[in-house]
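Worksheet: one structure, shown below.
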Amino acid sequence: MARRKIVAGNWKMNMTPSEAVKLVEELKPLVASETVDVVFCVPAIDIVPVVEAVKGTNIAVGAENMYFEDKGAFTGEISADMLLDAGVKYVILGHSERRDYFKEDDVLLNKKVKKAFEKGLTPILCCGESLEQREMGVTMDWIRLQIKSDLVDVTAEQVASMVIAYEPIWAIGTGKTATTEQAQEVCKGIRELIAEMYDEATAEAVRIQYGGSVNAATAADLFSQPDIDGGLVGGAALKPDFGKIVNY
Ligand code: 13P
């Protein structure tokens, strides 16, 4: 069965609650689609008003992060139950900005991935190499290590339902999109890894996105590759261009 494309916006630390609602109203008609899953991953404080604003549309809401504990003395953190109760379906885990600025490592991310599955949230698990790693020729080794560590004790059925986002760090917010060939090569490598770790059926089912300076001009080419099932979009997700990316 063909995989359904999934295009998610990662709003990062942008949009106050009132700005968020305005943006959703503007984007709603532009991102309508019968063939592509559309997700808005928004800052925690925007989740409640955005869930309300997307009611009755094809837009699902995602969080940008989550903690792995159920509840308790973890000042500033947000639990899976809180997200679910607010109407969230997806959660981005392991974005390179969280790995880099907030020192999230693969041991922590594995706990978060398992908690998301336990509670019924769909993880969008990010991986990607730095420019130095690409130049040293260790891109795939690095990504294999990230994915293998993040998916310890995760079942084939769970992996089949998740989303993996390949985001080369050097392409994020830089205007430098990976070439279509570079993006396809790594996404194919990720699918091969999943086949190796699990089986062919799981590898065929898992959806793999590309992220990093995706825009209205590059989306069609990227998303038409055999192993790229859509995108995780930063800057361009905050503009009407996001409609063009969804309907590439
Ligand atoms: P940009 O599309 O702004 O490069 O961001 C990509 C990204 O990090 C999405 O998670």
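Evaluate the Kirkwood expression for the hydrodynamic radius of the stretch 148-248, namely the inverse of the mean inverse distance over all pairs of different C-alpha atoms, and round to one decimal in Å.
13.9
Hey, rough spin-label estimate for LEU145 and GLU19, points 7 angstrom out along Cα→Cβ, what's it come to in nanometres?
Once both label points are built, they end up 3.7 nm from each other.
If you filter the stretch 137-231 for trypsin sites (Lys or Arg not before Pro), then keep DSSP loop positions with at most 15 other Cβ within 10 Å, what is left?
LYS176
For THR174 paired with GLU26, estimate the spin-label separation in nm (one decimal), with each label point 7 Å from Cα along the Cα-to-Cβ line.
Distance between the two pseudo-spin positions: 2.8 nm.
Please give the calculated 222 nm ellipticity per residue for the chain, where each DSSP H segment of at least 4 residues contributes -39500 (n - 2.57) and the sum is spread over every residue; nearest 500 deg cm²/dmol?
Mean residue ellipticity, 222 nm, calculated: -11500 deg cm²/dmol.
Find the centroid of the Cα atoms in the stretch 203-224 and in the stretch 231-246, then give the distance between the two in whole Å.
Between the Cα centre of the stretch 203-224 and that of the stretch 231-246, the gap is 12 Å.
So if we plug the beta-carbon distance of SER33 and SER224 into 1/(1 + (r/R0)^6) with R0 = 25 Å, what FRET efficiency do we get, rounded to 0.05?
Once rounded, the FRET efficiency stands at 0.95.
So how far apart, in nm, are the two label points at LYS119 and VAL152 if each is 7 Å from Cα heading toward Cβ?
Computed distance between label sites LYS119 and VAL152 equals 2.2 nm.
Distance between the C-alpha centers of the stretch 1-51 and the stretch 127-172? Whole Å please.
The stretch 1-51 and the stretch 127-172 have Cα centres separated by 24 Å.
Between ALA195 and PHE74, what length comes free when the chain is fully extended (0.36 nm per residue of separation minus the Cα-Cα distance, one decimal in nm)?
Value of the extension gain: 39.9 nm.
Going toward the positive end of the dipole of the chain, with +1 on Lys and Arg Cβ and -1 on Asp and Glu Cβ, which of ILE190, PHE117, GLN133 do you reach last?
Highest projection toward the positive end goes to PHE117.
Quick note: the coordinates plus some simple rules give every number you see, no bench work behind them. Remember, predicted model here, so these are calculated numbers, not experimental data. A quick note on method: Cβ atoms are made from the backbone with ideal geometry, for glycine too, and the neighbour counts reach across all protein chains shown.
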